[in-house]
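In what follows, a single structure is set out as structure tokens and then discussed.
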Amino acid sequence: MAVDFDAIRRDYPLEAVAGQVLQLRRSGVNKVALCPFHPDKSPSLVLYKDDTYHCFGCGAHGDVIDFVAGTQSLSIGESIRFLTGGQAPRLDDADRERREKEIRHRESMQRKRQENATQEARARWARALPINGSGNAYLERKNIAPYGTRREGDNLLVPIHDAVGLIQSLQSIAPDGQKLFHAGASVFGGTLTLGDAPDGPVVIVEGFATGATVQAATGYLVVVGFSKGALKQTARIARERYPNRQIVIAADTNGLDAAHDAAEAVVASVVQPDMQGAEGSDFNDQAAHYGLEDVAAVFAALAAPENKLVWATPFQWRDAAEIPRREWLYGKHLLRKFVSVDVAAGGVGKSSLKIGEALALSSGRDLYAKGIHEGPCTVWMWNLEDPHDEIERRIHATAERFKLNPNDIGNRLYVDSGRDQPLVIATEGPDGAVIQRPVVDALIAEMLERKVDVLIVDPFISSHAVSENDNNAIDIVAREWNVVAERTGAAINLVHHVRKQNGMEATADSARGASALIGKARSVLVYNRMTADEAASLGVDEADRRFFFRVDNDKANLAPPDATDWYRMNNVDLPNGDSVGVACAWTPPDAFDGITRQHLMQVQRGIADGKWRENAQSKAWAGHVVASVLDLDASDKKAKRRISQVLRRWIAEGVLEVVKDLDETRHEKDFIVVGRWVHD
């Protein structure tokens with residue numbers, strides 16, 4: 001049997017459910033609120049008496065089930081289970097057919113209500129008076145021309161036109177700036193065109209005052225939309241009307257994400273006000289502080305040749321000393337306004353190292369000698385896998401190992417666990433990846449409020465809910481992380497897993513899933529556990545090599561790659577009895593420590609006085625000469641490895657050579673002889 005949707009709507013009234021998350025206020029017989037589905041400045045969401053809703057800004061509409069699905073990022077089935085606790089009422093086929101007829105009837109009535117409201121809006125516009133010389137308080141406060149608007153008492157009346165230029169709805173603006181749309185008339189897809197420039201750029205704006213300001217400053221044709229949620233639709237309408245002209249999206253500073261979405265949809269440029277530290281968020285605010293000329297200068301910098309959709313911009317030479325320097329925060333890996341990625345298999349030590357780096361940055365103490373370029377930084381570490389207790393153990397162990405105390409860190413460290421507070425910035429929708437705009441906006445706002453310099457997200461895969469093998473989806477997620485970096489001025493560090501390596505060394509190309517993440521990163525560090533061969537050459541016992549790992553920069557677009565860094569996991573015993581591994585910098589032993597020019601000269605004389613083999617298994621191995629000079633025991637494994645390294649280096653430098661000769665049994669073997677003699 002099918003789900004009884006009407007019973008759910010009856011048992012869970014829309015007004016009661018929406019009232020738990022929205023501030024509702026009465027408007028005639030209906031209720032209105034700020035729309036939760038798009039950034040909304042004035043109430044554009046209407047809750048009707050028939051338990052349906054409609055947003056006249058973004059077009060969202062539906063019933064209580066749709067509302068819960070949209071606000072909680074759920075499917076319809078999940079929304080029903082959310083409302084009913086899994087006990088959804090059912091109905092038979094006859095009931096379902098009756099209900100479907102009722103739905104069609106309600107939709108028909110809704111269309112008729114909107115049509116009637118549109119007719120009322122047109123009659124209201126006809127009754128309104130022209131501005132002429134009588135003035136209007138709102139226009140005077142905003143210092144803008146009327147552009148064909150009318151007055152209704154003290155209020156300004158702004159027309160909203162449909163695709164053929166007829167009045168679709170109205171916006172009433174009070175002297176104090178309070179805006180109301182004509183009740184019941186749809187705003188979605190409605191626009192207002194300002195100016196009549198036959199060529200040149202077409203500018204898309206949100207709001208009449210912004211549009212009037214931009215048109216006055218530039219002389220360009222301006223198309224006004226009436227909410228950020230409808231900005232993309234307005235841009236698409238403009239592209240259909242003006243297919244061969246340049247489109248420019250004039251963004252408010254608090255609506256950049258919506259502007260970039262719109263620009264991407266129609267191949268457009270984005271400009272934003274240059275507030276230069278003053279209060280305000282739109283171009284009218286900029287004009288109020290600095291004048292129309294200042295607004296015009298913003299657009300002049302992006303203006304394209306007339307009637308061109310794509311154009312080449314001449315390079316402008318300037319003194320290289322005036323180019324801002326890159327804002328490195330940590331080594332050559334963490335850079336303001338960019339995303340970096342750390343790639344490693346599980347259990348290597350990446351999370352421990354990230355904790356150590358977080359403490360290094362927040363304390364300003366260069367624990368790993370990588371370079372902390374701006375002094376102590378504010379760090380937000382968000383571990384999406386481990387419980388908070390485990391993160392806390394590791395932080396305390398790392399602080400104890402490096403002798404840090406709370407005063408060293410101050411209030412510059414923020415730590416969250418994904419088990420307590422998940423972070424999902426994108427989900428899978430019917431058409432692909434969907435950025436969870438409320439989550440991203442809240443993240444950016446929190447980072448700006450806390451003045452976060454570095455955000456560490458571990459692991460990346462838990463920060464989204466899209467297919468990790470879908471390159472387009474991962475590209476969207478990675479681009480959004482770059483948007484967060486740009487908007488906050490912070491360095492974003494994403495920690496990522498590798499595919500199963502089957503014993504092979506990990507590289508940047510080993511990262512799990514689609515390659516788009518690596519493509520969007522400006523620096524990629526790759527972690528590998530010490531191999532058996534490396535342990536042998538570095539003098540590390542086979543039983544201990546699992547404690548060592550190295551980190552290499554496998555992609556350094558903005559700086560030369562650093563040399564390999566080695567780390568060792570050292571245990572720290574906490575007062576609670578736990579033993580916790582801490583990542584510590586480790587310097588491999590140098591085979592030439594303590595070896596001088598005089599030692600080399602002695603070895604050369606010893607080699608010249610005998611006949612010495614290259615083979616380390618031979619009794620006449622040349623390494624015995626080196627062991628004698630350096631006072632080493634050639635039978636000791638570590639000493640033998642060091643002797644072999646010294647011989648290889650000297651052979652490579654030409655002070656010793658390998659030649660063919662006959663041994664005592666008249667067989668040809670490799671012997672070591674003096675090459676270029678070294679003197680005092």
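Kirkwood hydrodynamic radius of the stretch 517-632 from all distinct Cα pairs, in Å?
Here the Kirkwood hydrodynamic radius works out to 18.2 Å.
Okay, helix-only estimate at 222 nm for the chain: each DSSP H run of n ≥ 4 adds -39500 (n - 2.57), divide by all residues, round to 500 deg cm²/dmol; what do you get?
-10500 deg cm²/dmol
With every protein chain left in place, what is the accessible area per residue of the chain in square angstrom, probe 1.4 Å?
50
Averaged over every viewing direction, what's the projected area of the C-alpha convex hull for the stretch 404-447? Give it in nm², one decimal, please.
4.6
Normalise the Debye intensity by I(0) for the chain, one equal point scatterer per Cα, no solvent, then take log10 at q = 0.07 Å⁻¹ and round to two decimals.
The computed values of log10 I(q)/I(0) come out as -0.66.
Once the Cα atoms of helix 231-241 and of the chain are each reduced to a long axis, what angle between those two axes, in degrees from 0 to 90 to the nearest 10, is obtained?
The answer is roughly 70 degrees.
Identify, among A516, T531, S579, the residue whose Cα sits farthest towards the positive end of the charge dipole of the chain, taking +1 on the Cβ of Lys and Arg and -1 on the Cβ of Asp and Glu, with the dipole about the Cα centre.
It is A516.
List the GluC sites (Glu not before Pro) within the stretch 624-680 that fall in a DSSP loop (any state other than H, G, I, E or B) and whose Cβ has at most 10 other Cβ atoms within 10 Å.
E664
Equivalent ellipsoid semi-axes for the stretch 460-544, as square roots of 5 times the alpha carbon gyration tensor eigenvalues: give them largest first, rounded to whole Å.
Over the Cα atoms of the stretch 460-544, the semi-axes work out to 32, 16, 9 Å.
Suppose each label sits 7 Å from its Cα in the direction of the beta carbon; what would the E374-L292 distance come out to in nanometres?
3.9
Pop out the ³J(HN,Hα) list for the stretch 424-439 in order, Karplus 6.51 cos²θ - 1.76 cosθ + 1.60 with θ = phi - 60°, rounded to Hz; leave Gly and Pro as x.
10, 8, 8, 10, 8, x, x, 9, x, 5, 10, 5, 7, 4, x, 5
Go through the stretch 641-653 residue by residue and turn each phi into a ³J(HN,Hα) via Karplus (6.51, -1.76, 1.60, θ = phi - 60°); whole Hz please, and just put x for glycine and proline.
Once rounded to whole Hz, the list reads 4, 5, 4, 4, 5, 5, 4, 4, 5, 5, 5, 5, 7.
My understanding is that a pair violates if its Cα-Cα distance is over 22 Å; which of K370/K638; K142/K451; K337/K520; K41/K520 do that in this structure?
K370/K638; K142/K451; K41/K520
Residue by residue, what Karplus-based ³J(HN,Hα) values in Hz, rounded to whole numbers, does the stretch 324-339 have, using 6.51, -1.76 and 1.60 with θ = phi - 60° and x for Gly and Pro?
x, 6, 5, 9, 5, 10, 9, x, 10, 10, 9, 10, 4, 6, 10, 9
Give me, ordered by chain and number, the residues 5 or more places off L329 or on other chains with an amide H under 5 Å from its own placed amide H.
L334, L335, R336
I need the per residue convex hull volume for the stretch 579-654, using only the alpha carbons, in cubic angstrom as a whole number.
In the stretch 579-654, the Cα convex hull volume per residue is 134 Å³.
Quick one: helix 471-488 against the long Cα principal axis of the chain, what's the angle to the nearest 10°, folded into 0 to 90?
Taking the Cα atoms of the chain, the angle to 471-488 is about 80 degrees.
Stick to the Cα atoms of the stretch 372-448, pair each with every other, and give me the Kirkwood hydrodynamic radius in Å at one decimal.
Across the stretch 372-448, the inverse of the average 1/r is 14.9 Å.
Filter the trypsin sites (Lys or Arg not before Pro) in the stretch 1-90 to those in DSSP coil with at most 11 other Cβ atoms within 10 Å of their Cβ, and list the result.
Counting only loop positions with at most 11 other Cβ atoms within 10 Å, the trypsin sites (Lys or Arg not before Pro) in the stretch 1-90 are K49.
Place +1 on the Cβ of every Lys and Arg and -1 on the Cβ of every Asp and Glu in the chain, take the dipole about the Cα centre, and give the residue among A60, A490, H599 whose Cα lies farthest towards its positive end.
Toward the positive end, the furthest listed residue is A60.
Which value, in debye to the nearest 20, gives the size of the charge dipole of the stretch 334-428 about its Cα centre, when Lys and Arg are +1 and Asp and Glu are -1 at the Cβ?
Value, rounded to 20: 400 debye.
About the Cα centre, and with charges only on the beta carbon of Lys, Arg (+1) and Asp, Glu (-1), how big is the dipole of the chain? Nearest 20 debye, please.
540
At a Cα cut-off below 12 Å, give the aspartates and glutamates reachable from K669, other chains included and same-chain residues fewer than 8 away excluded.
Straight-distance partners of K669: E614, D661.
Looking at the stretch 401-459, which trypsin sites (Lys or Arg not before Pro) are DSSP coil and have at most 15 other C-beta atoms within 10 Å of their C-beta?
Sites meeting the loop and neighbour criteria: K403, R419, K451.
For the stretch 172-318, just list the percent of Cα-Cα distances falling in each 10 Å bin from zero outward, please.
Answer for the stretch 172-318: a P(r) of 12, 42, 36, 9, 1, 0 percent.
Quick one: which residues, 5+ away or cross-chain, put their amide H under 5 Å from the amide H of S169? H built at 1.01 Å from N.
I160
List every residue whose amide H lies under 5 Å from the amide H of K31, counting only residues 5 or more places away in sequence or on a different chain, with H placed 1.01 Å from N in the peptide plane.
So K31 has HN proximity to L47.
Given a 1.4 angstrom probe, I'd like the percentage of the accessible area of the chain that is carbon and sulfur, rounded to a whole number.
Here carbon and sulfur together make up 48 percent of the probe-accessible area.
The values are calculated or read from the model by the stated rules, or taken from the named source; none is laboratory data. Here the structure is a predicted model, which is why all the values come from computation and not from measurement. Cβ sites come from the backbone with ideal geometry, for glycine too, and all protein chains shown count toward neighbours. Ligands, DNA and RNA are stripped out before the accessible areas are found, and what is left, the full protein with its side chains, is counted by its heavy atoms. Shrake-Rupley method; radii C 1.70, N 1.55, O 1.52, S 1.80 Å.
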